[in-house]
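**Q** Before we start, here is the structure in question, set down as structure tokens.
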Amino acid sequence: MGLPEEPLERFRWAVRNVIRAKYLQVLRKRPKDEKANRRLGVLYFGVGRYADALPFLEAACAAPAATHETHFAYGKCLVQAWRVVKDEALLEKATKAYQRAITRMKISLFTLHKFPTALLELAQIYESYGALEGALSLLQQILEAFPTYSKLELVMFRAVLVMRQLARVPGAPKARLLERAVTFLEVIFEQDHVVNKAIPRLAIAELPDKEFLTLLYAKTCDEEGSGVSLEKAVAGYEEVYNLRRKRWDGNAAHDARDWTTWVKDPATWLELGREWSDDYAEAGLAVEFMGVAKAKV
């Protein structure tokens, strides 16, 4: 790897090399030194070298002095490594690392925000490899134990996605899961920052904008199927259709005469699936919506 071109990056590169050399020297004398292993692991993790970081973080976690922060760092690195190589064994290790970290964390004024955040991250790991019941259990724990958590709406949003997936499992209480999902979405919409303006598009695992939340709400109400929910689904579909029609501006590719034609068109769900995938990295919803497109052909 050559030197970075930007002066600031070259300076950072030089500092990292000095730090790396310092802790490698420590490890030559004391291979099990917790601090040296942790610092080297975090250093490699910070520059995206996850495979290099993992052995150091694993060694740091093995030390009796390892803190919950060390186990969290190891868990986060395992998740990032999984995103690169898609090896589910890494997710299983990440789950155990998060569990160890949470066990070691003491609830205090300083960790009150970190604890539910850790549970949320662990729930998303469960969700990533299909342990949906475990994910939902963790999300419910956050909702019950931390009602003032700053990311409560995000927790409810993830719970909605998990409940929608669980509702498709044979033998699952579909009606109850979808009814609860509708309730969660309504609570999200009641928040001022959702009602008054569209939430800006954020990175993966953050809330989508109001248009997409409305679409998800309409689709969930539609699937729940009760009379009241179907009325809400109609209103939601119509609102999203009208919002999108303003942007189409006569585009022949979007010539649906009304919202019912638009909802029944397979191309609609194919397009929506791609948007869920490209804009929000929500693969589960993308696959589901594209499946709707195939079913309507």
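The values are calculated or read from the model by the stated rules, or taken from the named source; none is laboratory data. Predicted, not measured: the structure shown is a model, and the values here were computed from it. Neighbour counts run over all protein chains shown; Cβ positions are idealised from the backbone, glycine included.
**Q** When residues of region 45-81 are filtered for being more than 22 Å from the chain's Cα centre (by Cα) and either on the phi > 0 side of the Ramachandran plot or among the acidic types (Asp, Glu) (or both), how many remain?
**A** Of the residues in region 45-81, 2 are more than 22 Å from the chain's Cα centre (by Cα) and either on the phi > 0 side of the Ramachandran plot or among the acidic types (Asp, Glu) (or both).
Per-residue answers, yes or no, for (1) modelled with pLDDT of 85 or more; (2) under 32 Å from the mean Cα position of the chain (by Cα); (3) assigned to a helix (DSSP H, G or I); (4) assigned by TED's automatic domain parsing to the domain that holds Val85:
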residue	(1), (2), (3), (4)
Glu5	no, no, no, yes
Ala14	no, no, yes, yes
Arg28	yes, no, yes, yes
Arg39	yes, yes, yes, yes
Leu43	yes, yes, yes, yes
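**Q** Could I ask something else about it? Answer yes if at least one residue in region 89-104 is surrounded by 13 or more Cβ atoms within 10 Å (Cβ to Cβ), polar (S, T, N, Q) and within 22 Å of the chain's Cα centre (by Cα), and no otherwise.
**A** Let us first name the residues in region 89-104 that are surrounded by 13 or more Cβ atoms within 10 Å (Cβ to Cβ), namely 90-102, 104.
Applying the additional criterion that residues be polar (S, T, N, Q) yields 95, 99.
Within this subset, residues satisfying the condition of being within 22 Å of the chain's Cα centre (by Cα) are 95, 99.
Yes, some residue in region 89-104 is surrounded by 13 or more Cβ atoms within 10 Å (Cβ to Cβ), polar (S, T, N, Q) and within 22 Å of the chain's Cα centre (by Cα).
**Q** Scan region 244-267 for residues that are within 15 Å of Leu216 (Cβ to Cβ) and modelled with pLDDT under 85 and jot them down. Spell out how you get there, then give the answer.
**A** Taking region 244-267 first, the residues within 15 Å of Leu216 (Cβ to Cβ) are 244, 263.
Result: Arg244, single match.
**Q** Which of the residues belonging to region 43-85 are farther than 20 Å from Leu122 by Cβ and buried (at least 18 other Cβ atoms within 10 Å of the Cβ)?
**A** Leu43, Tyr44, Phe56, Ala59
**Q** Sticking with this structure for a sec: Please indicate, with yes or no, whether at least one residue in region 207-223 is surrounded by 12 or more Cβ atoms within 10 Å (Cβ to Cβ), modelled with pLDDT of 80 or more and over 24 Å from Glu282 (Cβ atoms).
**A** Within region 207-223 (the criterion being surrounded by 12 or more Cβ atoms within 10 Å (Cβ to Cβ), modelled with pLDDT of 80 or more and over 24 Å from Glu282 (Cβ atoms)), the answer is no, since none of the residues qualifies.
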